[in-house]
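I have placed the structure first, in the form of structure tokens, so that the comments after it can refer back to it.
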Amino acid sequence: MMSSNSCTNSSINGFYNMLNQGLNDLHQSFISHNFMSFQFLSQIISSLQSFHSQLTLLVRKLRLPVGGKWLDEYMDESSRLWDSCHVLKSAISGMDNYCSSATNISSSLDGYHHFTPELSRRIIRAINVCQREILGMEEENKSLTETRIQQLSQCLNQNTNISTDSNSKLNGFSGFRGVLFAMRSVSSLLLMILLTGLAYCWSSTCFHQGLGQGYHEGHMVFGSGFMVSMSLLQQKVAEEIDNNDVQQGIMMFEFQQAKIAMEELKVELERITCYNNGGEIIQEKVENVKSCFGLLRCGVETITGQLDDFFDEIVEGRKKLLDMCSHR
């Protein structure tokens, strides 16, 4: 029969291995999809939810003491996830409004085969309003995320400054403190990626922090490769941001494609105001706008639903652990 300590060690190691596998899967997803595509960002949210769910299940297996400091630390971590996801939800709602404005513009052009300069100027004005709204949204997102990105980056940097001397501290609460440390490290990186893709990105600087020896030492401390896997994903994201044409603002691939499609439509309409022709080209641009914004809306709706589910997951996890403590 397996001893209590063996069972605990098995559960803890299983959690670290689960983190490692999840990060490896995200790295493969990042490579196989367009940079910051909604499929990749959606998988990150799914991974965060899965990690948090497994964390809650692990607590119940460890039989931690009622009223211990471990519960406060768990609540702090879940609150941090909650706050960051609310910023993401705000950013997503702004994109939803953008989709609605763009859809109204493209729908207003249905049925037109001849575009007069007067009609073109009217649509251009509507596009200009839509583009100004986007600039305003990005500025608002920038102010919302600035502090959080810095905090997550600092947390990621601090979490890598560990050594084998940290083993005794990380073994606190039957090893649960080490698990929380791991969860905080991983969630910091994943939340940074989500905020960069969905809210606002300044540069790759925040992703360069923490890369280096700390990860290899972390591998020794935890006996798991999850910190090495973190390092690989973090480095890949930093490289892609550096190599991307768009290095500031909302990085989501479908969002950028939709912006380009709208600008191309505007350029063609401006030509009509000068030359009074080009109906067929306009229709092509209108269809491209519809296609791009259709994909963007699909991504927005998917991620919105996932965030709502994650909010429910966080609330349910907190409730379960509070109930568990009160019933013991």
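The values are calculated or read from the model by the stated rules, or taken from the named source; none is laboratory data. Because the structure is predicted, anything quoted here is derived from the model rather than measured. Ideal geometry is used to build each Cβ from the backbone, glycine not excepted, and the neighbour counts take in all protein chains shown.
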*asked:* Please go through (1) in a helix (DSSP H, G or I); (2) of a type outside the set (A, V, I, L, M); (3) more than 13 Å from the chain's Cα centre (by Cα) for Pro65 and return the number of the only condition it doesn't satisfy.
replied: (1)
_Any residue at all in region 294-313 that's in contact (Cβ under 8 Å) with a residue 12 or more places away in the chain and over 26 Å from the mean Cα position of the chain (by Cα)?_
no
*Do the conditions hold for Phe311, that is, is it more than 21 Å from Gln54 (Cβ to Cβ) and either modelled with pLDDT of 90 or more or outside any loop (DSSP other than H, G, I, E, B) (or both)?*
no
*asked:* Take the residues in region 152-171 that are surrounded by fewer than 16 Cβ atoms within 10 Å (Cβ to Cβ) and of a type outside the set (Ser, Thr, Tyr); name whichever of them is modelled with the highest pLDDT.
replied: Gln154
*Restrict the check to region 100-118 and report whether at least one residue is out of contact with any His (no Cβ under 6 Å at 6 or more places or on another chain), closer than 30 Å to Ile193 by Cα and either of a type in the set (Phe, Trp, Tyr) or without any contact (Cβ under 8 Å) to a residue 24 or more places away in the chain (or both).*
yes
*Please work out if Met36 is buried (at least 17 other Cβ atoms within 10 Å of the Cβ) and either of a type in the set (A, V, I, L, M) or closer than 30 Å to Cys292 by Cβ (or both).*
yes
_Leading residue by the ranking (modelled with the highest pLDDT) among those in region 100-110 that are part of a loop (DSSP other than H, G, I, E, B) and closer than 17 Å to Ile281 by Cβ_ = Leu109
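Yes/no matrix, rows are residues, columns are (1) aliphatic (A, V, I, L, M); (2) closer than 28 Å to Phe207 by Cβ; (3) crowded, with 22+ Cβ neighbours inside 10 Å:
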site: Asp245; (1), (2), (3): no, yes, no
site: Gln248; (1), (2), (3): no, yes, no
site: Met251; (1), (2), (3): yes, yes, yes
site: Glu264; (1), (2), (3): no, no, no
site: Thr273; (1), (2), (3): no, no, no
site: Ile282; (1), (2), (3): yes, no, yes
site: Asn288; (1), (2), (3): no, no, no
site: Ser291; (1), (2), (3): no, no, no
*Among His86, His52, which is under 21 Å from Asp309 (Cα atoms) and free of Cβ contacts under 8 Å to residues at least 12 places away in the same chain?*
His86
